[in-house]
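The structure appears right after this line, and notes come after that.
All of the numbers you see were taken from the coordinates with simple rules; none came from a lab. Note that the coordinates shown come from a computational prediction; the quantities given were computed from them, not determined experimentally. Note that we place each Cβ from the backbone using ideal geometry, even for glycine, and neighbour counts take in every protein chain shown.
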Amino acid sequence: MEQPWFKKTGWLFLPVHPLGYIVTLLAVIFMIPVIMTVLRNGHSASDDLYEIFVYGTCTAFWWKWVAEKTSDAK
């Protein structure tokens, strides 16, 4: 039987396996340069939020999909 990468606790998924931590770390590492670039090139706070929203939601949906597929929740 495979070991789950994430554990579902309420609405959250918590990494419990090294691969779960790696997936979470990769999502954070991806967002750091995105946020830095948007903030450096942005013209206003609302422009920055709109651009970060696009990348942030895509990253969050990808991370959540992986967490759901590899969690212990059935």
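A few comments on the model shown:
- Residues in segment 15-35 that are of a type outside the set (A, V, I, L, M, F, W, C) and surrounded by 15 or more Cβ atoms within 10 Å (Cβ to Cβ): 15, 17, 20, 24.
- Single condition residue 31 does not satisfy, out of (1) outside any helix (DSSP H, G or I); (2) in contact with a helix residue (DSSP H, G or I) (Cβ under 9 Å, 6 or more places away or on another chain); (3) not small (Gly, Ala, Ser): (1)
- For segment 3-34, the set of residues classified as among the small types (Gly, Ala, Ser) and more than 18 Å from residue 72 (Cβ to Cβ) consists of 27 only.
- The residue that is surrounded by the fewest Cβ atoms within 10 Å (Cβ to Cβ), counting only those in segment 37-74 that are within 19 Å of the chain's Cα centre (by Cα) and part of a loop (DSSP other than H, G, I, E, B), is 73.
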